[in-house]
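The values are calculated or read from the model by the stated rules, or taken from the named source; none is laboratory data. Every value quoted in this text rests on a predicted model; they were computed, and no experiment measured them. Cβ placement follows ideal geometry from the backbone for every residue including glycine, while neighbour counts extend to all protein chains displayed.
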Amino acid sequence: MVEERQNITVKVLRQDPTVNSGKAEYQSYSVPLDQGATVLSVLRYISENVDRTLSYYRSCRIGKCAGCRMRINGKTRLACTTAVTGDIVIEPLKGYEVVKDLVVDMNRRVGKDED
């Protein structure tokens, strides 16, 4: 018997400063949840299978570079090491200028970091 994968809702705060006056809006995606999934693997699924325009940062994928820091369910976390067990809300890291979607300019602070 083949077990069906559960779908989760991933809500992403999207923003492109060069379009629509840079207005940020949430976009929801339905994503199959695989055992052992991380936020980074969920974002990769979205960008490869659902929406190629989604921008996010990935580099080491093992929690060393901290480049994938973002807000996950209201807390600052690393996307590459944060496990996904259900619906999630993902936002860019607070306190930095948004380049596009979940990518921020780590050299351009615009406020205080929050957690």
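Mind checking whether some residue in segment 59-78 is touching a residue at least 60 places away in the same chain (Cβ under 8 Å), farther than 19 Å from ASN107 by Cα and surrounded by 14 or more Cβ atoms within 10 Å (Cβ to Cβ)?
No, every residue in segment 59-78 fails to be touching a residue at least 60 places away in the same chain (Cβ under 8 Å), farther than 19 Å from ASN107 by Cα and surrounded by 14 or more Cβ atoms within 10 Å (Cβ to Cβ).
Of the residues that make up segment 17-33, is at least one β-branched (Val, Ile, Thr) and more than 18 Å from GLN6 (Cα to Cα)?
Scanning segment 17-33 turns up at least one residue that is β-branched (Val, Ile, Thr) and more than 18 Å from GLN6 (Cα to Cα).
So, in segment 40-65, of the ones that are assigned to a loop (DSSP other than H, G, I, E, B) and in contact with a strand residue (DSSP E or B) (Cβ under 6 Å, 6 or more places away or on another chain), which residue ends up farthest from VAL103 (Cα to Cα)?
So, considering only residues that are assigned to a loop (DSSP other than H, G, I, E, B) and in contact with a strand residue (DSSP E or B) (Cβ under 6 Å, 6 or more places away or on another chain), the one farthest from VAL103 (Cα to Cα) is VAL50.
Quick one: in segment 86-111, of everything that is at pLDDT 95 or above and more than 17 Å from GLY22 (Cβ to Cβ), which residue is surrounded by the fewest Cβ atoms within 10 Å (Cβ to Cβ)?
Taking the candidates together, the pick is GLY86.
Condition test on THR81, is it of a type in the set (Val, Ile, Thr), modelled with pLDDT under 95, part of a loop (DSSP other than H, G, I, E, B) and closer than 25 Å to ARG5 by Cα?
So THR81 passes the test.
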